[in-house]
Amino acid sequence: MTPIEPHSTGQPATERVPIEPQSVDAPLTRSAIFLVLGVADGGDAIGTVRGVLADIDGLVKTVGFRDLRARLSCTVGIGSQVWTALTGSEQPLELHPFREIAGVTHTAIATPGDLLFHIRSDRQDLCFELERLLLESLGAAVAVVDEVSGFRYFDSRDLLGFVDGTANPVGPGLPAATLVGEEDAAFAGGSYVVVQKYLHPLSAWQSLTTEQQEAIIGRRKADGVELDDAVTGQKSHKTLATITDDAGEHDILRDNMPFGRPGSAEFGTYFIGYSRHLWVIERMLERMFIGDPPGTHDRLLDFSTAHTGSTYFVPPATLLRALDSS
């Protein structure tokens, strides 16, 4: 592909074709749609879904060619309850429904979801159009469970005012952290993804001093520099969300997005995490909701309530294209 001038976001753009479907490492964008669907029972629902997923590449090209610099992409996740029916194969080794995590004070709830579409672009209208065509194609074969439109907020900050995603892996560390390898060779190149919709009582958060907020997050608000870990008491969000063992630190890729409706006093963060190993995200959530040690939960949860929780596997694009022959 021939390079062209960089887009105004500072990210390089390419001409000729949109971003390959199932590109977990697709660029951070200004807009996103997180669409969770349930597959209908009976009829030819499974067959319809297979056909649409097999041609997701064509749908992305249909919309994305209108403005290649807008970097439209779509990543599809499939839940464990429909995996075998859709693919005709055994499930990836770690795939299972989201497991509720109940701490003393807060709970990471599990909610329904068979399919996840993570649509990204620098243009909101392209995200909208791809979602519209997807739902038109899927028709009565699916029902919408949850639909969130996210936006990039200033310099990649969440609505709490902190830069989000500073710990994301880069370079060779990105595929190493996100893509399944030889440990599950049949699904190499795929990725596990967990999504949660969090809502914030923004006025309560804003009543805290900057120093109190920084102690909860574990970073400075202005520049995102990490603060020293707490010696005693409840640990910061940064510390609890960092997973280490004898093999070292285990990263995940976050592409979280703020969303909200000020007129309805709705302010939130849509968490989406991609990982080579599902257990890494599950352990992170356990540390946040149960605490380390137990009973010392992540204080961010006092200002951030999980309203959804579901898990999916993102198969390689080659597996999606083969669904029409399943």
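So the values come out like this:
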item: Residues (at pLDDT below 95, more than 21 Å from residue 302 (Cα to Cα) and not β-branched (Val, Ile, Thr)) located in segment 227-260; result: 228, 245, 246, 247, 248, 249
item: So residue 174, is it out of contact with any helix residue (DSSP H, G or I) (no Cβ under 6 Å at 6 or more places or on another chain), under 21 Å from residue 249 (Cβ atoms) and either basic (Lys, Arg) or open to solvent by 20 Å² or more (accessible area, probe 1.4 Å) (or both); result: yes
item: Any chance residue 33 is over 25 Å from residue 187 (Cβ atoms), in contact with a Gly (Cβ under 8 Å, 6 or more places away or on another chain) and open to solvent by 40 Å² or more (accessible area, probe 1.4 Å); result: no
item: Check on residue 224, on the phi > 0 side of the Ramachandran plot and among the small types (Gly, Ala, Ser); result: yes
item: Residue under evaluation residue 222, criteria (1) open to solvent by less than 40 Å² (accessible area, probe 1.4 Å); (2) over 24 Å from the mean Cα position of the chain (by Cα), criterion not met; result: (1)
item: Pair list, Cβ < 6 Å and 6+ apart or interchain, from segment 53-76 residues that are more than 18 Å from residue 31 (Cβ to Cβ) and in contact (Cβ under 8 Å) with a residue 12 or more places away in the chain to residues that are in a loop (DSSP other than H, G, I, E, B) and open to solvent by less than 30 Å² (accessible area, probe 1.4 Å); result: 56/21; 57/21; 61/18
item: Scope segment 41-50; condition open to solvent by 40 Å² or more (accessible area, probe 1.4 Å) and touching a residue at least 12 places away in the same chain (Cβ under 8 Å); matching residues; result: 43, 44, 46, 48, 50
item: Counted residues, segment 111-137 - those being open to solvent by 40 Å² or more (accessible area, probe 1.4 Å) and acidic (Asp, Glu); result: 2
item: Close pairs (6 angstrom Cβ cut-off, 6 or more residues apart or separate chains): within 21 Å of residue 148 (Cα to Cα) and polar (S, T, N, Q) in segment 96-117, in a strand (DSSP E or B) and open to solvent by less than 20 Å² (accessible area, probe 1.4 Å) anywhere; result: 111/310
item: Counted residues, segment 280-312 - those being closer than 13 Å to residue 98 by Cβ and assigned to a helix (DSSP H, G or I); result: 5
item: Segment 82-111, residues that are over 22 Å from residue 288 (Cα atoms) and assigned to a loop (DSSP other than H, G, I, E, B); result: 88, 89, 90, 91, 92, 93
item: Search result, residues across segment 51-105 that are hydroxyl-bearing (Ser, Thr, Tyr) and open to solvent by less than 30 Å² (accessible area, probe 1.4 Å); result: 73, 75, 80, 87
item: Helices (runs of 4 or more DSSP H) enclosed by segment 129-243 - at least 1 residues per element that are small (Gly, Ala, Ser), closer than 30 Å to residue 60 by Cα and touching a residue at least 12 places away in the same chain (Cβ under 8 Å); result: 173-178
item: Filter result (more than 17 Å from the chain's Cα centre (by Cα), farther than 16 Å from residue 52 by Cα and open to solvent by 60 Å² or more (accessible area, probe 1.4 Å)) within segment 138-169; result: 154, 155
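The values are calculated or read from the model by the stated rules, or taken from the named source; none is laboratory data. Keep in mind it's a predicted model, so treat the numbers as computed, not measured. Every residue, glycine among them, receives a Cβ derived from its backbone with ideal geometry; neighbour counts consider all protein chains shown. Areas reflect the complete protein model, heavy atoms only, side chains present, ligands, DNA and RNA absent. Shrake-Rupley method; radii C 1.70, N 1.55, O 1.52, S 1.80 Å.
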